[in-house]
1. Any chance the range 193-200 includes a residue that's in contact with a Cys (Cβ under 9 Å, 6 or more places away or on another chain), touching a residue at least 12 places away in the same chain (Cβ under 8 Å) and closer than 24 Å to GLY21 by Cβ?
2. Could you list all residues from the range 174-196 that are surrounded by fewer than 21 Cβ atoms within 10 Å (Cβ to Cβ) and either assigned to a helix (DSSP H, G or I) or not hydroxyl-bearing (Ser, Thr, Tyr) (or both)?
3. When the range 230-248 is examined, which residues are found to be farther than 24 Å from LYS271 by Cβ, in a loop (DSSP other than H, G, I, E, B) and touching a residue at least 40 places away in the same chain (Cβ under 8 Å)?
4. Restricting the search to the range 126-176, which residues are farther than 17 Å from LEU198 by Cβ, hydrophobic (A, V, I, L, M, F, W, C) and touching a Leu at 6+ places or on another chain (Cβ under 9 Å)?
5. Enumerate the pairs (first residue in the range 156-184 and more than 15 Å from PHE144 (Cα to Cα) and at pLDDT below 90; second residue anywhere and of a type in the set (D, E, K, R) and surrounded by 17 or more Cβ atoms within 10 Å (Cβ to Cβ)) with beta-carbon separation below 7 Å, excluding pairs fewer than 6 apart on the same chain, so at least 6 apart or on different chains.
6. Show me the helices (runs of 4 or more DSSP H) found entirely inside the range 1-114 where at least 1 residues are under 26 Å from VAL145 (Cα atoms) and in contact with a His (Cβ under 7 Å, 6 or more places away or on another chain).
7. For residues in the range 58-96 being surrounded by 15 or more Cβ atoms within 10 Å (Cβ to Cβ) and among the small types (Gly, Ala, Ser), which is farthest from TRP12 (Cα to Cα)?
Amino acid sequence: MTTVAVRRMSDWLDLARLTSGSCVCVGLDPDPAKMPIDDVFDFNRAIIDATQDLVAAYKPQFAFYEAMGREGFNALEKTIQHIRDVAPHAFVLADAKRGDIGNTAEAYAKAMFEVWDVNAVTVYAYQGSESVLPFLEYRDRGVFVVCRTSNPSSVEVQDIVDDRTGEMVYEVVAKQVVGLSEDTNVGLVVGATFPHELASLRSSLPETPFLIPGVGAQGGDATETARLGGENILINSSRGIIYASQSASDFEEAARRAVDRLRSEIALGRK
């Protein structure tokens, strides 16, 4: 494979999608109550090995690992290393939803990019640009800013109208953060369960990377999401893939089949 000089988050994303022929992101959310085997790393490894040639990205949700304490962190470390070993093209996105300012934000950025060595991290920007800028000091990494989320109660805050601009909060957040990086290292989290808002944000921000959760278990339509989201997207599914089967005998094969189905649904939206 031709060596590619990677300098920005967008370059990592382009390489991941080109190599895999996919925009699928697999959420690695290990729940001991649902896993068909006991060991978290063994579970993740089986999912990764079964899907690594079909997907562009993996998204470990840090809360699941933190809830397991030291064992969870050990599993997370081994999981990220395994992705690097068997799928070096894959984009690794930490779903950690960090948000703070000053030296705390700097410490969060150091943890994500120097300790965990991920390509990007989800962050909140409700404390303004100060909560995002420390992450952008890492010129070859990036952030996906929580913008229009997929959960139903998001409307309680994100649909509030700003009296100054007449725009909703999620629209203000999007415009606030996208211009912070000249290196195109800022993306947005935009839920598949709100297709009108997805289309509106794509229209106003044609080049911005979108991480789109909400397909699969949350009910978002993958075909419509692909049509509205355009090219620069990662479409995430977590439970719909990793728990496609809860049988120890075939959970990894079921995960691969679920990814194949999602790819097919996305392809329909590209026509």
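1. No: zero hits.
2. LYS175, GLN176, VAL178, GLY179, LEU180, GLU182, ASP183, PRO195, HIS196
3. Within the range 230-248, the first condition is being farther than 24 Å from LYS271 by Cβ, and the residues that meet it are 238-239, 242-248.
Those left that are additionally in a loop (DSSP other than H, G, I, E, B): 238, 243-248.
The answer is SER238, TYR243, SER245, GLN246, SER247, ALA248.
4. Matches in the range 126-176: VAL132, LEU133, LEU136, VAL143.
5. Here the result reads GLN158/ARG148, each pair linking the range 156-184 to a residue that is of a type in the set (D, E, K, R) and surrounded by 17 or more Cβ atoms within 10 Å (Cβ to Cβ).
6. Numbers: elements: 9-20, 40-51, 62-66, 70-86, 102-110.
Where helices (runs of 4 or more DSSP H) fall fully within the range 1-114 and carry at least 1 residues being under 26 Å from VAL145 (Cα atoms) and in contact with a His (Cβ under 7 Å, 6 or more places away or on another chain), they are 9-20, 40-51.
7. Checked the range 58-96; the qualifying residue farthest from TRP12 (Cα to Cα) is GLY72.
Per-residue answers, yes or no, for (1) of a type in the set (Gly, Ala, Ser); (2) under 14 Å from VAL186 (Cβ atoms); (3) not in a loop (DSSP other than H, G, I, E, B):
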residue: PRO134; (1), (2), (3): no, yes, yes
residue: VAL143; (1), (2), (3): no, yes, yes
residue: VAL157; (1), (2), (3): no, no, yes
residue: THR165; (1), (2), (3): no, no, no
residue: GLU171; (1), (2), (3): no, no, yes
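The values are calculated or read from the model by the stated rules, or taken from the named source; none is laboratory data. Keep in mind the model is a prediction, meaning the values are calculated, not measured. Cβ: placed from backbone, ideal geometry, glycine included. Neighbour counts: every protein chain shown.
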